[in-house]
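Q: Sharing a structure below in structure tokens format, with a few things to ask.
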Amino acid sequence: MARITLSNLAHSYVPQPKSEADYALKQMDHVWDDGGAYALLGASGCGKTTLLNIISGLVHPSQGRVLFGDADVTHAPTAARNIAQVFQFPVVYDTMTVRENLAFPLRNRGMDPAYIAARVSQIAAMIGMEATLDRKARGLTADAKQKISLGRGMVRQDVNAILFDEPLTVIDPHMKWELRTQLKLLHREFGHTMIYVTHDQTEALTFADKVVVLHEGRVVQMGTPQYLFDTPEHTFVGYFIGSPGMNLLDADIQGTVAQTAAGPVPLGAAYAPPQGRTQIGIRPEYVTMSASEGLPARVLRIEDVGRHRIIRADVAGTHISVIVPEGQPVGAQLTHVRFDPAHINVYANDWRVKGTR
Amino acid sequence: MDKTQNNRAWFLVLPVLVLVAFSAVIPLMTVVNYAFNDTFGQNQFFWNGLGWFEDMLQSERMHGAFGRQVLFSAIILAIEVPLGIYIALNMPKSGFWSSFCLVLMALPLLIPFNVVGTIWQIFGRVDIGLLGHSLAALGIDYNYTNDPLDAWLTIIAMDVWHWTSLVALLCYAGLQSIPQAYYQAARIDQASRWSIFRYIELPKMAGVLLIAVLLRFMDSFMIYTEPFVLTGGGPGNSTTFLSIDLVKMAVGQFDLGPAAAFSLMYFLVILLVSWVFYTVMTTLDKQEGK
Ligand SMILES: Nc1ncnc2c1ncn2[C@@H]1O[C@H](COP(=O)(O)OP(=O)(O)OP(=O)(O)O)[C@@H](O)[C@H]1O
Ligand SMILES: [Mg+2]
């Protein structure tokens, strides 16, 4: 088990990268704490798999170093890193039985057969495949293969870290929930460092202590789910986390007031005039409809999503989402939207600007 | 869709049947004719029943040729299959050198059989051949025209040189079809080189390997031109394989009856062994799939 440090790291699949755009991962410095449970979130193609492959040693970074604890493993082969990884597209050894598949990583390490047998049945119970242990892995269904792949990732107890690359994509919702709980238990029991790639934010938020958001090859923010929700450092984080994502409005920042096309919006802090394109960001949770206060808005439609309703409104050409809690009436007299000043963030060129109180 | 049953469609198969009859069945029937009859020429035949077959089954000469043939096929399979796999595993997987190797490997396959025989016949000569002369210069007593062991070694070397490429190329094609993800998973699971070969590469190569073994078996079991050109079956009868002996008997001595009987049995042996190979390998494959 180890703390993982990425120092000065960058990677390009192009042999002679010319511009920033050639890099699949832009230069980054990050520390992943020993025993942390991280969720890695990001849009398709942003470099999540590349990052995992660099940590596990399947890909060698074009620049920078990878450290496990204090040991530099940048050039160490995968086997020497003793790391488990569950691939995005499940790999099973199809000439082996399910049991042999699960035992394979342990056998390769020359573990005691009695221990292997015990460990394999534990894992089989976790992934719910005890009944099929002696079947050949060839010809199993896609979700069974994904479970085997997941099981092989969890079977070794002494690994430095476990990397999960969207491990539950084809598993049905009920089993997904069950497996996620098992992963949580495993984490609590052994305290492995775990990095969990997913597209699904509920999955990320339930699994992880810390969420890492990757955007176009750059780690834009790393923090607790609540922190990322309240203070997105980058507009992408605001948009990607939360449902619906954060509202963004172009605005001129003048001290404690943001001038939008629809009128002035009071801010919770004072800002020095920022450079570049400036926007204010506000979560739909902190927007309220009112009869006269705030910016004039035209309601486009109302969506009922069960626990609450979402109003889509047009504010001077920009679409704004408003979450209306259960029980609150919605009526035609509500023609304005009001932003809670304490929860407004200011962005310049997509990055958050700190205000002074 | 409604399918209409029209038996006249069978006529469409007729041209193929006629062709096959003329190219295979009718010539084979003359062999069958010779095998069961005796003749003193002038197209007069006497029914001989299984006589020729009995003679052949008891013939010392045929036993010898058959033994040599089995030994030869066994040796070259034992060398060419592992060697071919080994070469395929170590070939570059992409880029210029991979194409270069492929072309280089394909070269021996493109040389006509009698030319291969001639090449080695000259190559091995002690007076002018590079191989024979070099060996002699090193003080090794090598002469494939006098020494049966040397003759065997030369023929085996020739066959290995000629045909290992085929096995290697087939295996290479099998290896290329393995997705990179398997190797990555194996690295994560800390598999040894041997485990990777045993559990990932070999299973994926099994299909093409079956074809390679079958082809090499059939080809080597019927080998004629190359040893005929190289040693002519000698010294003595030491490299007289089945087909060489058969030709000697039929064309050299004009014993058409025994030769025909024997060639029928020869044909059946090849068919039988190939069938056994195929069934064993495919059922193994099916068991794996369970
Ligand atoms: N082997 C490779 N060779 C060249 N380019 C690659 C390779 N693998 C990935 N890339 C590129 O690097 C970028 C990052 O890819 P990566 O697979 O890491 O994304 P990802 O975040 O895992 O995406 P997804 O969510 O679709 O799995 C993409 O633009 C991709 O096209
Ligand atoms: Mg990916």
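The values are calculated or read from the model by the stated rules, or taken from the named source; none is laboratory data. Since the model is a prediction, treat every value here as computed from it, not as a measurement. Glycine gets a Cβ as well: all are built from the backbone with ideal geometry, and neighbour counts include every protein chain shown.
A quick yes/no check of all residues on (1) on the phi < 0 side of the Ramachandran plot; (2) surrounded by 20 or more Cβ atoms within 10 Å (Cβ to Cβ); (3) modelled with pLDDT of 85 or more; (4) within 14 Å of chain A (Cβ to nearest Cβ):
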{"site": "B:GLY207", "(1), (2), (3), (4)": "yes, no, no, yes"}
{"site": "B:ALA212", "(1), (2), (3), (4)": "yes, yes, yes, no"}
{"site": "B:MET218", "(1), (2), (3), (4)": "yes, no, yes, no"}
{"site": "B:THR231", "(1), (2), (3), (4)": "yes, yes, no, no"}
{"site": "B:GLY236", "(1), (2), (3), (4)": "no, no, no, no"}
{"site": "B:THR239", "(1), (2), (3), (4)": "yes, yes, no, no"}
{"site": "B:SER243", "(1), (2), (3), (4)": "yes, no, no, no"}
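Q: What about A:THR193, is it in contact (Cβ under 8 Å) with a residue 12 or more places away in the chain, polar (S, T, N, Q) and in the same structural domain as A:GLN333 (by TED's automatic domain parsing)? Break it down stepwise before answering.
A: Working: in contact (Cβ under 8 Å) with a residue 12 or more places away in the chain: yes; polar (S, T, N, Q): yes; in the same structural domain as A:GLN333 (by TED's automatic domain parsing): no.
Judged against the criteria, A:THR193 is not a match.
Q: Restricting to the stretch A:1-59, and then to whatever is crowded, with 16+ Cβ neighbours inside 10 Å, assigned to a helix (DSSP H, G or I) and more than 14 Å from chain B (Cβ to nearest Cβ), can you tell me which residue is farthest from ligand 2 (Cβ to nearest atom)?
A: Filtering first and then ranking leaves A:LEU51.
Q: Return the residues of the stretch A:216-267 that are among the acidic types (Asp, Glu), free of Cβ contacts under 8 Å to residues at least 40 places away in the same chain and part of a loop (DSSP other than H, G, I, E, B); say none if nothing qualifies.
A: Keep residues of the stretch A:216-267 that are among the acidic types (Asp, Glu), which gives A:216, A:230, A:233, A:250, A:252.
Those left that are additionally free of Cβ contacts under 8 Å to residues at least 40 places away in the same chain: A:252.
Matches in the stretch A:216-267: none.
Q: Yes or no: A:TYR93 more than 16 Å from ligand 2 (Cβ to nearest atom) and not in a helix (DSSP H, G or I)?
A: Considered against the rule, which asks whether it is more than 16 Å from ligand 2 (Cβ to nearest atom) and not in a helix (DSSP H, G or I), A:TYR93 comes out as yes.
Q: Going residue by residue through the stretch A:151-165, is there one that turns out to be within 16 Å of ligand 2 (Cβ to nearest atom) and touching a Leu at 6+ places or on another chain (Cβ under 7 Å)? Spell out how you get there, then give the answer.
A: Taking the stretch A:151-165 as the starting set, the residues that turn out to be within 16 Å of ligand 2 (Cβ to nearest atom) are A:153, A:163-165.
Filter again for touching a Leu at 6+ places or on another chain (Cβ under 7 Å), leaving A:163, A:165.
There is at least one residue in the stretch A:151-165 that is within 16 Å of ligand 2 (Cβ to nearest atom) and touching a Leu at 6+ places or on another chain (Cβ under 7 Å).
Q: Suppose we keep only residues that are polar (S, T, N, Q) and modelled with pLDDT of 90 or more within the stretch A:33-60. Which one would you say is farthest from ligand 1 (Cβ to nearest atom)? I'd like the intermediate steps shown before the answer.
A: Here is the first cut: in the stretch A:33-60, the ones polar (S, T, N, Q) are A:44, A:49-50, A:53, A:56.
When the remaining residues are screened for being modelled with pLDDT of 90 or more, the result is A:49-50, A:53, A:56.
Working: A:THR49: 3, A:THR50: 3, A:ASN53: 7, A:SER56: 13 Å.
The extreme case among them is A:SER56.
Q: While we're on this one: If I filter the stretch A:202-226 down to residues being within 16 Å of ligand 1 (Cβ to nearest atom) and among the charged types (D, E, K, R), which single residue comes out as farthest from A:GLY191 (Cα to Cα)?
A: Only one residue fits best here, namely A:GLU216.
Q: Would you mind finding the one in A:ARG188, A:ARG156 that is more than 16 Å from ligand 1 (Cβ to nearest atom) and either within 14 Å of another protein chain (Cβ to nearest Cβ) or in contact with a helix residue (DSSP H, G or I) (Cβ under 7 Å, 6 or more places away or on another chain) (or both)? Break it down stepwise before answering.
A: Numbers: A:ARG188 fails: either within 14 Å of another protein chain (Cβ to nearest Cβ) or in contact with a helix residue (DSSP H, G or I) (Cβ under 7 Å, 6 or more places away or on another chain) (or both).
Matching residue, one of A:ARG188, A:ARG156: A:ARG156.
Q: Shifting gears a bit: Between B:ILE155, B:ILE128, B:ILE196, which is farther than 30 Å from A:VAL155 by Cα and either within 14 Å of chain A (Cβ to nearest Cβ) or part of a loop (DSSP other than H, G, I, E, B) (or both)?
A: Testing whether each residue is farther than 30 Å from A:VAL155 by Cα and either within 14 Å of chain A (Cβ to nearest Cβ) or part of a loop (DSSP other than H, G, I, E, B) (or both) leaves just B:ILE128.
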